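The values are calculated or read from the model by the stated rules, or taken from the named source; none is laboratory data. Note that the coordinates shown come from a computational prediction; the quantities given were computed from them, not determined experimentally. Cβ atoms come from the backbone with ideal geometry, glycine included; neighbour counts cover every protein chain shown.
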Amino acid sequence: MADKSEFFREAGVNTQLAHIGPDPADYHGFVNPPVVHASTVLFPNARAMETRAQKYTYGTRGTPTTDALTEAMDALEGSAGTIIVPSGLAAVTVPFLAFLSAGDHALIVDSVYAPTRHFCDTMLTRLGIEVEYYDPALGEGLSALMRPNTRLVHTEAPGSNTFEMQDIGLVSRIAHAGGAVVTMDNTWATPLFFRPLDHGVDISIHAATKYPAGHSDILMGTVSANRETWSRLKEASITLGICGSPDDSYQVLKGLRTMGIRLERHQQSTLEIARWLETRDEVARVLHPALESFPGHALWKRDFKGSSGIFSFVLKAPSADRFKPRAHAFLDALRLFGLGYSWGGYESLAVHVGLSDRKVTKVPEEGPVIRLQIGLEDVADIRRDIEAGLAAASAV
């Protein structure tokens, strides 16, 4: 059969998703790779064992199944290498531990994923690393926060729960000028809608739990590095003994095959719901970067190729003491939406967002913030359910 690599480099995204990763020819023609369960790997002789002169040496260092997924992620990310870890949070913490040491200074965007903040405020602080949070809208002002010992700048765009945008290219240039590594949690966009390494980021992080897996049943994270940072990231993952399982890798690889068409539906339905919510009197504002009304829309439009299925809106409330009662009334009236954490699966989810951990960014004051994951259900049914929630909230 003719070499297909050049063909797929020029192919559309869904074509690539259907074929990236393992070559069926490597597995006797079977379309999907085998699930290889392994801890011990045998060597043919003592010299091979001493020099580790073979591709696979121990289960924590990869198997054909986990390699199939990392190869697929490298193709999507344009990265020099990818590690897989047991959760999205581990995908953040492993590179932090790889590139930070006692006495270092780290800049973390203030709209960061809450468990990442907890790790910074506990584990990193105990290790003697100084953590400072910066406003996602800071822009050029980030230069003033850089210090001689700043070793890492962490970004999210859009930010967790409130969806602030950042100029990732600008952040990367400022960080690199000061000798810092740039990490980015890109779970919201996936590599289909934004490729961090193309914008100067060194380490691209994903909770593969979300859209790559896509079915609310797998916990996994991926970390993809550029050529300059790959060896240090890989060494850290080996030293920490962090690895993903072959069964979960197999399932995430299957999820990648349909991620493109799922994201198309998530995007279309979510934008329809978000624009409709902008017209509702019960809603103070909608926090979605693909909306023209959103403050970071211009950055999103310039850098991103699409938007996914999660956003927030601010529910109007007459006073602060009505925030929680109105949020709870909204959530408790829902029948189609599930009340649960995470997102990226096929089902719609809703949660009342807590923002009391923010250090320097201003949070919405008009009412409680409700985060919605718009699933694959019919838009008319999603709207009907939200209407019931809005009516219940207004009655409080």
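Quick one: which of Ser111, Ser87 is surrounded by fewer than 20 Cβ atoms within 10 Å (Cβ to Cβ) and either out of contact with any Cys (no Cβ under 7 Å at 6 or more places or on another chain) or over 28 Å from Ala298 (Cβ atoms) (or both)?
After ruling out the rest, the residue left standing is Ser87.
Within the group Thr70, Thr82, which residue is of a type outside the set (D, E, K, R), part of a strand (DSSP E or B) and assigned by TED's automatic domain parsing to the domain that holds Leu233?
Just one listed residue meets the conditions, Thr82.
Being among the charged types (D, E, K, R), farther than 25 Å from Tyr211 by Cβ and in the same structural domain as Thr70 (by TED's automatic domain parsing) is the requirement here; does Glu156 meet it?
no
Can you report the number of residues in the range 358-384 which are hydrophobic (A, V, I, L, M, F, W, C), part of a helix (DSSP H, G or I) and in contact (Cβ under 8 Å) with a residue 40 or more places away in the chain?
So the count comes out to 2.
For the subset of the range 364-396 comprising residues that are farther than 17 Å from Val286 by Cα and among the charged types (D, E, K, R), which member is surrounded by the fewest Cβ atoms within 10 Å (Cβ to Cβ)?
Asp378
Given the conditions (1) without any contact (Cβ under 8 Å) to a residue 40 or more places away in the chain; (2) surrounded by 17 or more Cβ atoms within 10 Å (Cβ to Cβ); (3) not assigned by TED's automatic domain parsing to the domain that holds Thr60, and given that Gln251 satisfies all but one, which numbered condition is not satisfied?
Exception for Gln251: condition (3).
Residue check, Ser143 against (1) part of a helix (DSSP H, G or I); (2) touching a Phe, Trp or Tyr at 6+ places or on another chain (Cβ under 8 Å), all met but one. Which one?
Result: Ser143 passes all but (2).
Report whether or not Val351 is surrounded by 18 or more Cβ atoms within 10 Å (Cβ to Cβ) and either in contact with a Ser or Thr (Cβ under 6 Å, 6 or more places away or on another chain) or assigned by TED's automatic domain parsing to the domain that holds Glu164 (or both). Walk me through it before giving the result.
Working: surrounded by 18 or more Cβ atoms within 10 Å (Cβ to Cβ): yes; either in contact with a Ser or Thr (Cβ under 6 Å, 6 or more places away or on another chain) or assigned by TED's automatic domain parsing to the domain that holds Glu164 (or both): no.
Against the criterion (surrounded by 18 or more Cβ atoms within 10 Å (Cβ to Cβ) and either in contact with a Ser or Thr (Cβ under 6 Å, 6 or more places away or on another chain) or assigned by TED's automatic domain parsing to the domain that holds Glu164 (or both)), Val351 does not qualify.
Tell me which residues, restricted to the range 120-136, are in contact (Cβ under 8 Å) with a residue 24 or more places away in the chain, out of contact with any strand residue (DSSP E or B) (no Cβ under 7 Å at 6 or more places or on another chain) and surrounded by fewer than 19 Cβ atoms within 10 Å (Cβ to Cβ).
Met123, Leu127, Gly128
Return yes when His215 is of a type outside the set (A, V, I, L, M, F, W, C), surrounded by fewer than 19 Cβ atoms within 10 Å (Cβ to Cβ), closer than 24 Å to Tyr341 by Cα and at pLDDT 95 or above and no when it is not.
Numbers: of a type outside the set (A, V, I, L, M, F, W, C): yes; surrounded by fewer than 19 Cβ atoms within 10 Å (Cβ to Cβ): yes; closer than 24 Å to Tyr341 by Cα: yes; at pLDDT 95 or above: yes.
For His215, the condition - of a type outside the set (A, V, I, L, M, F, W, C), surrounded by fewer than 19 Cβ atoms within 10 Å (Cβ to Cβ), closer than 24 Å to Tyr341 by Cα and at pLDDT 95 or above - is met.
Please verify whether Phe323 is surrounded by 14 or more Cβ atoms within 10 Å (Cβ to Cβ) and more than 24 Å from the chain's Cα centre (by Cα), treating the condition exactly as stated.
yes
Answer yes or no as to whether Ala90 is in contact (Cβ under 8 Å) with a residue 40 or more places away in the chain and of a type in the set (A, V, I, L, M).
Yes; evaluated as a whole, the condition is true for this residue.
Yes or no: the range 88-100 includes at least one residue that is within 19 Å of Ser249 (Cα to Cα), at pLDDT 95 or above and not aliphatic (A, V, I, L, M).
Checked the range 88-100: at least one residue is within 19 Å of Ser249 (Cα to Cα), at pLDDT 95 or above and not aliphatic (A, V, I, L, M).
Within the range 263-284, track down each residue that is under 13 Å from Gln373 (Cα atoms) and in contact with a Gly (Cβ under 6 Å, 6 or more places away or on another chain).
His266, Gln267, Thr270
Quick one: which residue in Gly309, Gly296, Gly338 is crowded, with 19+ Cβ neighbours inside 10 Å, closer than 26 Å to Thr258 by Cα and of a type outside the set (S, T, N, Q)?
Numbers: Gly296 fails: closer than 26 Å to Thr258 by Cα; Gly338 fails: crowded, with 19+ Cβ neighbours inside 10 Å.
Going through Gly309, Gly296, Gly338 in turn, just one is crowded, with 19+ Cβ neighbours inside 10 Å, closer than 26 Å to Thr258 by Cα and of a type outside the set (S, T, N, Q): Gly309.
In the range 162-182, what count of residues is obtained for those that are part of a loop (DSSP other than H, G, I, E, B) and more than 19 Å from Ala298 (Cα to Cα)?
Qualifying residue count, the range 162-182: 3.
Can you tell me which residue within the range 19-64, out of those that are surrounded by 15 or more Cβ atoms within 10 Å (Cβ to Cβ) and among the small types (Gly, Ala, Ser), is nearest to the chain's Cα centre (by Cα)?
Gly21
Looking at (1) small (Gly, Ala, Ser); (2) surrounded by 13 or more Cβ atoms within 10 Å (Cβ to Cβ); (3) over 24 Å from Thr258 (Cα atoms), which is the one condition that is false for Ala75?
So Ala75 meets the others, but not (3).
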